[in-house]
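> I am attaching a structure below and will ask some questions about it afterwards.
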Amino acid sequence: MLKITRLSLFLGVAIAGIFSVFSSPAEARTPVPIQVQSQEFFDNSGVLFTKNTVVQFKFVRSHGAYQSVFGVKNESTGEEIDLIGEVKPSDLSMAQFEQALNKPSNGLTDDVNDFQGTLGNAVPLPGTAQFTFKAGNRYSFYLKSQFKGRNVGVVYSTDAKNFAGNQQAKFVGGFSALANGGVMIRWDDTNSQIPRVNQNDNDFDDFIIRAGGYEECLDKTSK
């Protein structure tokens, strides 16, 4: 049984108003300032917290013909946990999907005509998940994809885990954004088994997740 206490990040000054990006103002609690440790990170080098930390995730949208699952891997133990996944590649019907495959992508970011997948359609409601990051354990996010039922590879948010050290995810927002609006994790699923050609198809809109909230988990047994 875990008791969750919401805390604010402290970066020189306390961030006023700690809240999850999915909570209403009425659910916000009085912030308790803490000191962020310099060894904590949430970016393309990996994810690590110095205290047990709960982070909430929400699906934003997807673009692309792959059907994907977003998850987290504990690099310290090897455990993988799927968090949010598509039940179909896009909002299109099967007939529309097959027809759209004959049209080349224009490469534009967030193009609604590029196999867009939305919450409540390609991804079932509520499209949210939360995960407890254990103190001192190192993590990476992953995106596993299929095309017409065939596995087409896995890409990671940690650059060093990808082929040739390629960047496959962009973190929009710094560490402090976890407690102040959230961090957007924008994925590019190409280059796992289908390599990029002349750096094409790098729009980083194939699967978009918002990570928000910074909550310290206190085990009752430690009290």
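> Yes or no: S157 crowded, with 21+ Cβ neighbours inside 10 Å, in contact with an Asp or Glu (Cβ under 7 Å, 6 or more places away or on another chain) and of a type in the set (S, T, N, Q)?
Taking the combined requirement at face value, the residue does not satisfy it.
> Could you tell me which residue of the stretch 60-84 is farthest from R186 (Cα to Cα), considering only residues that are in contact with a Pro (Cβ under 9 Å, 6 or more places away or on another chain), in a strand (DSSP E or B) and open to solvent by less than 40 Å² (accessible area, probe 1.4 Å)?
Among those residues, the one meeting the criterion is S68.
> I'm trying to understand the selection: among the residues of the stretch 93-104, which are hydrophobic (A, V, I, L, M, F, W, C) and over 14 Å from F147 (Cβ atoms)?
Of everything in the stretch 93-104, just one residue is hydrophobic (A, V, I, L, M, F, W, C) and over 14 Å from F147 (Cβ atoms), namely A95.
> Scan F147, F115 and give me the residue that is over 20 Å from the mean Cα position of the chain (by Cα), aromatic (F, W, Y) and open to solvent by less than 70 Å² (accessible area, probe 1.4 Å).
On the way: F115 fails: over 20 Å from the mean Cα position of the chain (by Cα).
One residue alone meets the criteria, F147.
> Residue check: is R196 basic (K, R) and either modelled with pLDDT under 90 or part of a loop (DSSP other than H, G, I, E, B) (or both)?
Numbers: basic (K, R): yes; either modelled with pLDDT under 90 or part of a loop (DSSP other than H, G, I, E, B) (or both): yes.
Spelling it out, R196 is indeed basic (K, R) and either modelled with pLDDT under 90 or part of a loop (DSSP other than H, G, I, E, B) (or both).
> Only one of these conditions is not met by N151: (1) at pLDDT 95 or above; (2) in contact with a Lys or Arg (Cβ under 8 Å, 6 or more places away or on another chain); (3) within 29 Å of M94 (Cα to Cα). Which number is it?
The failed condition is (1).
The values are calculated or read from the model by the stated rules, or taken from the named source; none is laboratory data. The structure displayed is predicted, hence computed values, not measured ones. No Cβ is skipped: glycine too gets one built from the backbone with ideal geometry, and neighbour counts run over all protein chains shown. Side chains are part of the model used for accessible areas, which takes the heavy atoms of the whole protein and leaves out ligands, DNA and RNA. Shrake-Rupley method; radii C 1.70, N 1.55, O 1.52, S 1.80 Å.
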